[in-house]
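K.L.:
Handing you this structure, nothing more for now.
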Amino acid sequence: MFTPEDRERIRADLLERSTGDARISGAAITGSAAAEREDALSDIDLAFGIEPADALPGTLADWTTYLYQEHRALHHLDVRSDAWIYRVFLLPGTLQVDLAFVPAAEFRARAATFRLVHGRAGAELHKSTPDPTTLIGLGWLYALHARSSIARRRFWQAEYMISGVRDHALALACIRHGMPASEGRGFDQLPPEVADPFEHSLVRRIEREDLVRAFHAVLKRLLVEIQAVDRELASRLEPTILELAQSLNARAPAKP
């Protein structure tokens with residue numbers, strides 16, 4: 001297991017290296033360290049502006065080689081968002097290192113957790129809050145697939161779909177209470193009276209009876225959150241969402 005000292009040593013090395021890379025127009029600490037909320041399990045989050053823009057692939061390749069050679073990276077993956085490439089590395093000792101690369105014209109704060117270390121950055125452009133209407137749509141979409149998965153006796157798939165309904169309903173609750181709504185970041189900040197009822201929607205056994213129980217519970221919570229966003233929409237959706245639950249009351253035939 002890595003130590004905070006290991007993490008700080010590696011972060012300092014990467015930031016020092018960035019000062020000597022002429023292609024890097026700006027470097028920033030992001031994530032929990034930028035907000036001074038690091039704990040023993042926090043990872044390393046850094047962001048780099050690249051100039052000229054066509055130097056980005058070469059810069060990414062060079063930094064990847066450096067992480068493997070100098071810090072013994074074990075594997076990496078890329079996550080893309082607009083012009084940003086987030087290359088996520090796994091190091092020995094379970095340390096995660098997230099390095100974000102973007103053309104200099106797009107290098108700016110996308111969240112409150114952004115602290116410029118050197119160079120320049122554009123004006124802040126925080127990510128917008130997820131659209132509640134989209135979350136509602138995804139909620140009922142996952143619910144449809146949860147119902148069919150249970151009916152077809154695809155129980156592991158049903159558990160996945162029920163979790164999807166719950167995640168989107170919780171995201172709606174986060175928006176309602178002014179909490180971060182992406183990637184579950186605000187779930188633990190929700191008031192107990194909001195979060196606790198969702199416990200009933202957890203699947204405890206991969207069997208039909210428990211999946212149906214959890215499905216009924218999560219549909220109730222989804223309806224509560226839709227009601228808080230749009231009463232008229234909730235009144236239109238409620239009969240059909242309740243029908244989803246009722247359609248599973250009778251045992252479906254086993255999958256052939």
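Rule-based calculations on the coordinates, nothing more; no lab input. Just so it is clear, the model here is predicted, and its values are computed rather than measured. Reconstructed Cβ throughout: ideal geometry from the backbone, glycine too, with neighbour counts over all protein chains shown.
K.L.:
Normalise the Cα radius of gyration of the chain by 2.2 N^0.38 Å (N = residues in it) and let me know the number.
P.N.:
Dividing the Cα radius of gyration by 2.2 N^0.38 Å gives 1.24.
K.L.:
Still on this structure, please answer the following. Shape call for the range 4-119 from the C-alpha gyration tensor, a ≥ b ≥ c root eigenvalues: rounded (a/c under 1.5), prolate (a/b greater than b/c) or oblate?
P.N.:
oblate
K.L.:
Sticking with this one: If you place +1 on the Cβ of every Lys and Arg, -1 on the Cβ of every Asp and Glu, and leave all else neutral, what size is the dipole of the chain about its Cα centre, to the nearest 20 Debye?
P.N.:
For this selection, approximately 1120 debye.
K.L.:
With a Cα-only, solvent-free Debye model of the range 132-246, what are the log10 I(q)/I(0) values at q = 0.14 Å⁻¹?
P.N.:
Cα-only, vacuum Debye calculation for the range 132-246: -0.51.
K.L.:
Okay, moving on. So what's the Cα pair-distance distribution over the range 173-228, bin width 5 Å, in %?
P.N.:
For the range 173-228, the binned pair fractions read 4, 19, 23, 24, 16, 9, 4, 0 percent.
K.L.:
Taking the Cα centre of the range 99-248 as origin, sum charge times position over the Cβ atoms of Lys and Arg (+1) and Asp and Glu (-1), and report the length of that vector in debye to the nearest 20.
P.N.:
Numbers: 20 positive and 18 negative charges, 73 e Å.
Computed charge dipole of the range 99-248: roughly 360 debye.
K.L.:
Moving on. Using the Cα atoms of the range 76-115 to build a convex hull, what is its mean projected area in square nanometres?
P.N.:
3.4 nm²
K.L.:
Taking every DSSP beta bridge that has both residues in the chain, what percent is antiparallel when rounded to the nearest 5?
P.N.:
75 percent
K.L.:
Could you compute how fast the range 1-57 diffuses translationally, taking Rh as the Kirkwood radius over C-alpha pairs and applying Stokes-Einstein at 25 °C with viscosity 0.890 mPa s? Give it in µm² per second.
P.N.:
Here the translational diffusion coefficient equals 198 µm²/s.
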